[in-house]
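Engineer: Handing you this structure, nothing more for now.
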């Protein structure tokens, strides 16, 4: 029955579209990546979305294409130099493929690459490869390790050797470690980003073997490293401290000379680890209180992590008055009241700290805020600044009245946004805080014109809004940067409307997005004759924000209304064509861009050309399907033909210029299939400046170099090029691969 139901759904187009749209909506709500098979165009896409079989199939096509271009008929093409294919540079052009395979830890694809390329090129051709990992903390899986080890691939690439050793350390396999190091002709185990490249693997080893006796294996591994002139004591110490492995720390203390041990403990990276993870027993074994690191930042990491053992240890050492005060400030900044109490109990009562009256506490985290804490800080001599964040926290815990009542010169009022503060009180439904903000003398002059941002209007704040309206003369304001329930806001405004409650252009925008614009006409608040004038008189960017919200939220009814009621000039000046290009629905995208095709304003023309270039060169930055660029080019063609036909002097219509080769070199994610489709078309049109034959060859080599799966274009066809070469005087050679 289920099978027949699935078949019925697949055969019914309307039902199929509805279900797939519903599933797509669920993916969007959950933040899941979804991709259609037709959008998988490059080797990068296949690896990114786990399509290893397709990657292998199409890489084989790419490889065969490269070999095919060496045959005699292509060697006859004028201006095409293929000699570079036979050099090691050919391998270098494939390094990016290795990068993405490493990034996704796809050991199956890696084995295929090594076998496929190794059959035609010696492994030594790969020795200059430097992995371009997205982060320096990239880790191999065990499966990837075995693939690289069995092929000897990592032994010829210095930048893979560190991570190979990290895997062996995690496996706690001293025999395999010695075997691997013995294969390295000239071990170069320095790291460009890490001073302790093996710390993570030792941390993993100790954390997962804390109850096992691995000390003998560890000692053997340290000796093996030492024979190859590799010092890993610092890495071992980091791992042991992080996992609180006392046996290993004891071995280090007993076997490392004291002066060297002190130097290790004062190393910036190791001292941070000790400060963050060091327990009392570890600190005593390493004699941290006898040999403290002399730096102003000591104590900050311990306070941030709540490591009371280290804080107590450092308090036993001689500290400057300013250092202790800074530590006290850190305890407040990071909300560590346990550390705050510890420092006061050890230092303040004993040494009577002298506080500079310029020391300011700018904020107190909500989780530890209390009026009692503020009182203590003032009593200690701190200035506690009543900033936006501090007052918002007081509102959240319903203590604003008590806090404001503490009229002290050490409690200066230093907030910046009264409207935002009032909005926060509304969101918290704190009537007492609202009364304080509106009527307390310390806020005098700020509440004369009470303005509420409409994003505060939600179902649970409506009673508070009604209380405000009953007790004060308020106005609404629309800050388009915050999410708003426009239907609910329109409902509230309808119930309390008066002419000056909100700016009329904002009012139109809110009711338009609430699908309730007719109410404004019914109440004669606006008229059909005044709407155009109102939109034309917008000087506060409301119209631009309205266009953006309608595009981003998929509010196509509002977008239609704006297109119908705004002049071409208004659309050109307020509509972001970038937002219009990002409309999610393909049919709506084409419908609205078809409307753009009837406008020849200079702003629209220039923006269209700019966006087409951006979509092709940087589709990830503009977050737009690059295939849409072709449709936009056709729209531009409509504009161009209309301009030429009507001899329109208001818009200077020039053919779309193709991006320069230099521009392609400076953009990493160029969408080459669209670039080739638009600018390498054999059918010449007036509104596009196509690439020359020479540049097309360069673009084709770049496209296949980035793993795009392309058919051999017409300009590489022998007969086609014989004709083209007869019409061209280009003499410079270009390289295909």
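Only the coordinates and a few stated rules stand behind these numbers; no lab work does. Just so it is clear, the structure is predicted and the values come from calculations on it, not from any experiment. Positions of Cβ are backbone-derived with ideal geometry, glycine not excepted, and every protein chain shown enters the neighbour counts.
Engineer: Can you sort 183, 524, 627 so the residue with the fewest Cβ neighbours within 10 Å comes first?
Structural biologist: Details: 183 13, 524 8, 627 17.
By the 10 Å Cβ count, ascending: 524, 183, 627.
Engineer: Give me the extension gain from residue 207 to residue 479: residue separation times 0.36 nm, minus the current Cα-Cα distance, reported in nm with one decimal.
Structural biologist: Going from the current span to full extension adds 92.9 nm.
Engineer: Could I ask something else about it? Principal axis extents for region 585-713, Cα atoms only, whole Å, descending order, please.
Structural biologist: Its Cα atoms span 43, 33, 25 Å along the three principal axes.
Engineer: Something else about it: Over all Cα pairs of region 199-261, how is the pair count split among 10 Å bins, expressed in % and running from 0 up to the last occupied bin?
Structural biologist: P(r) over region 199-261, rounded to whole percents: 22, 60, 18, 0.
Engineer: Can you tell me the equivalent ellipsoid semi-axes for region 355-452? Use √(5λ) from the Cα gyration tensor, largest first, whole Å.
Structural biologist: Working: eigenvalues 106, 40, 25 Å².
Equivalent-ellipsoid dimensions as semi-axes: 23, 14, 11 Å.
Engineer: Grab the beta carbon distance between residue 557 and residue 536, set R0 = 22 Å, and tell me the FRET efficiency rounded to 0.05.
Structural biologist: My answer for the efficiency is 0.55.
Engineer: Order by neighbour count: 633, 685, 329, fewest other Cβ atoms within 10 Å first, most last.
Structural biologist: 685, 329, 633
Engineer: Continuing with this model, one more query. Go through 578-588, 425-435 and give me the packing order, highest mean Cβ count within 10 Å leading. Please list the in-between numbers first.
Structural biologist: Values: 578-588: 16.8, 425-435: 19.7.
Descending mean neighbour count gives 425-435, 578-588.
Engineer: Then there is this: How do 406, 632 line up, fewest other C-beta atoms within 10 Å first?
Structural biologist: 406, 632
Engineer: So between residue 523 and residue 638, what do we pick up on full extension, going 0.36 nm a residue minus the alpha carbon distance?
Structural biologist: Length difference between fully extended and current span is 37.2 nm.
Engineer: Tell me, what is the percent relative contact order of region 355-452, built from C-alpha pairs under 8 Å that lie six or more residues apart?
Structural biologist: 25
Engineer: OK, next. With a 10 Å radius around each residue's Cβ, average the other Cβ atoms per peptide and rank 201-207, 247-253, highest first.
Structural biologist: Details: 201-207: 22.0, 247-253: 17.7.
So the order, starting with the most tightly packed, is 201-207, 247-253.
Engineer: According to a simple spin-label model (label point 7 Å from Cα along Cα-to-Cβ), what is the distance in nm between residue 569 and residue 344?
Structural biologist: Computed distance between label sites residue 344 and residue 569 equals 6.7 nm.
Engineer: Taking the Cβ-Cβ separation of residue 256 and residue 308 as r and a Förster radius of 30 Å, what is the calculated FRET efficiency to the nearest 0.05?
Structural biologist: In this case the efficiency is close to 0.65.
Engineer: If I take R0 = 56 Å and measure r between the Cβ atoms of residue 661 and residue 469 in this structure, what FRET efficiency does the formula 1/(1 + (r/R0)^6) give, to the nearest 0.05?
Structural biologist: According to the calculation, E is roughly 0.30.
Engineer: Using 7 Å Cα-to-Cβ label points, what is the residue 515/residue 587 separation (nm, one decimal)?
Structural biologist: Going by the 7 Å Cα→Cβ label model, 1.6 nm.
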